[in-house]
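Undergrad: Below is a structure I'd like to ask you about.
The values are calculated or read from the model by the stated rules, or taken from the named source; none is laboratory data. Keep in mind that what you see is a predicted model, and the values were worked out from it rather than measured. Cβ placement follows ideal geometry from the backbone for every residue including glycine, while neighbour counts extend to all protein chains displayed.
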Amino acid sequence: MEKTFLMIKPDAVRKNLIGEILMRVEDAGFKIVELKMVKLSPSRAKKFYQVHRNKPFFEDLIKFVSSGKVVVVLLTRRNAIRKLRELVGITDPKKARRGTIRGDLASDVTQNAVHASDSAKSFRFESELFFKTKLVK
């Protein structure tokens, strides 16, 4: 079994989509290991999204993700990282496949409902940032 990280972003929290998203995740065979709701400060958001710090959308992304509460979730299943990325869909909801979380529930490239780890390295960094525990593979 592999673990992965999911963040339900402020737009989806405001639209009361937490249950819908978690239901889709569980229906896809994921098990929730840990879950909590938090409010990101701009500095914590900058640390989380540091990989995008030199991109033109960085400041808008930080402002958005720190604008309200998020739900962070540790998940597990076989091939978890790849399977969650498939379930989430591509970043731009207008181009995302119907049936994916972003294709069905997201508004635009920034307000795209969820974030999912894209690699084992990202998972370790993201999960440790929110769950404060060193996680083993």
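Undergrad: Would you mind finding the one in 61, 74 that is surrounded by 15 or more Cβ atoms within 10 Å (Cβ to Cβ) and either assigned to a loop (DSSP other than H, G, I, E, B) or modelled with pLDDT under 95 (or both)?
TA: 61
Here is a yes/no grid of residues against (1) farther than 22 Å from residue 129 by Cα; (2) in contact (Cβ under 8 Å) with a residue 24 or more places away in the chain:
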residue: 18; (1), (2): no, yes
residue: 22; (1), (2): no, yes
residue: 30; (1), (2): no, yes
residue: 49; (1), (2): no, no
residue: 63; (1), (2): no, no
residue: 106; (1), (2): yes, yes
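Undergrad: Hey, another quick one. Hey, does segment 116-137 have a residue that's farther than 25 Å from residue 33 by Cα, surrounded by fewer than 20 Cβ atoms within 10 Å (Cβ to Cβ) and of a type outside the set (A, V, I, L, M, F, W, C)?
TA: Within segment 116-137, none of the residues are farther than 25 Å from residue 33 by Cα, surrounded by fewer than 20 Cβ atoms within 10 Å (Cβ to Cβ) and of a type outside the set (A, V, I, L, M, F, W, C).
Undergrad: Return yes when residue 31 is touching a Lys or Arg at 6+ places or on another chain (Cβ under 7 Å), loosely packed, with under 14 Cβ neighbours inside 10 Å and under 16 Å from residue 84 (Cα atoms) and no when it is not.
TA: yes
Undergrad: Regarding residue 33, is this residue more than 13 Å from residue 113 (Cα to Cα), touching a Leu at 6+ places or on another chain (Cβ under 6 Å), assigned to a strand (DSSP E or B) and not basic (Lys, Arg)?
TA: For residue 33, the condition - more than 13 Å from residue 113 (Cα to Cα), touching a Leu at 6+ places or on another chain (Cβ under 6 Å), assigned to a strand (DSSP E or B) and not basic (Lys, Arg) - is met.
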